[in-house]
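Enquirer: I am attaching a structure below and will ask some questions about it afterwards.
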Amino acid sequence: MARKITMIVVHCSATRCNHPYPVQQLFHDHVEVNHWRFIGYHYYILRSGRVEITRPLHVAGAHAKGWNAHSIGICYEGGLDEQGNPADTRTEAQKQAMEKLIVQLKQQFPDIHTVLGHRDLPGVHKACPCFDAKELQPLLHLVGKV
């Protein structure tokens, strides 16, 4: 049975912007340390803007408890400044890649009606993704107009 995707949840890796956090380390932390079958997010966006597919879309994520069944998780590398404080550390390449990915996902899953940050979900008490991801919501309306 196919999942009905209605939401995109944006995350940050909560790592310092001056310390690399490659997909191999993300894999280690999620799969080898947490003993999950896959990385919890469906996509991981590196500082370079490269988008890594990290979990099959037909498999519910492990990124937003209570919301995984109908969502896709996108995570970007970073989210903390050099001192370890929450900050929007996305590079221009990451911002462009994230916007393009959201539009592509809306094309693939027309029932997506919401883009928000992890922090915007009820009961979440963290800064993730360290920017107002709801500002990405208008991208959902670009589909079919570009």
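Enquirer: Test of understanding: extend the Cα→C-beta vector of TRP36 to 7 Å, then name every residue of the stretch 63-102 with backbone N under 16 Å from that spot.
Expert: Residues 63-78 fall inside that zone.
Enquirer: May I pose another question? Could you compute the FRET efficiency for VAL59 and GLU92, with r as their C-beta to C-beta distance and R0 at 41 Å, rounded to 0.05? Present the calculation step by step, with values, prior to reporting the outcome.
Expert: Numbers: r = 31 Å, r/R0 = 0.75.
Taking R0 as 41 Å, the efficiency between VAL59 and GLU92 is 0.85.
Enquirer: Rounded to the nearest 0.05, what FRET efficiency do GLU135 and GLN104 have when you use their Cβ-Cβ distance and R0 = 22 Å?
Expert: Details: r = 18 Å, r/R0 = 0.83.
My answer for the efficiency is 0.75.
Enquirer: Still on this structure, I have one more. Find how much the distance from HIS19 to ALA2 grows on full extension, using 0.36 nm per residue of separation minus their present alpha carbon separation; answer in nm with one decimal. Could the numbers behind the result be given before it?
Expert: Details: separation 17, 0.36 × 17 = 6.12 nm, distance 3.78 nm.
Stretched out fully, the HIS19 to ALA2 stretch lengthens by 2.3 nm.
Enquirer: Between the alpha-carbon centers of the stretch 60-116 and the stretch 1-54, tell me the distance in whole angstrom.
Expert: Cα centroid to Cα centroid, the span is 10 Å.
Enquirer: Amide H to amide H under 5 Å from CYS75: which residues, 5+ apart in sequence or cross-chain, H placed 1.01 Å off N in plane?
Expert: HIS11, TYR43, TYR44, ILE45
A short reminder: the numbers here are calculations on the coordinates, not readings from a lab. Note that the structure is a prediction, hence the values are computed from the model and not measured. A quick note on method: Cβ atoms are made from the backbone with ideal geometry, for glycine too, and the neighbour counts reach across all protein chains shown.
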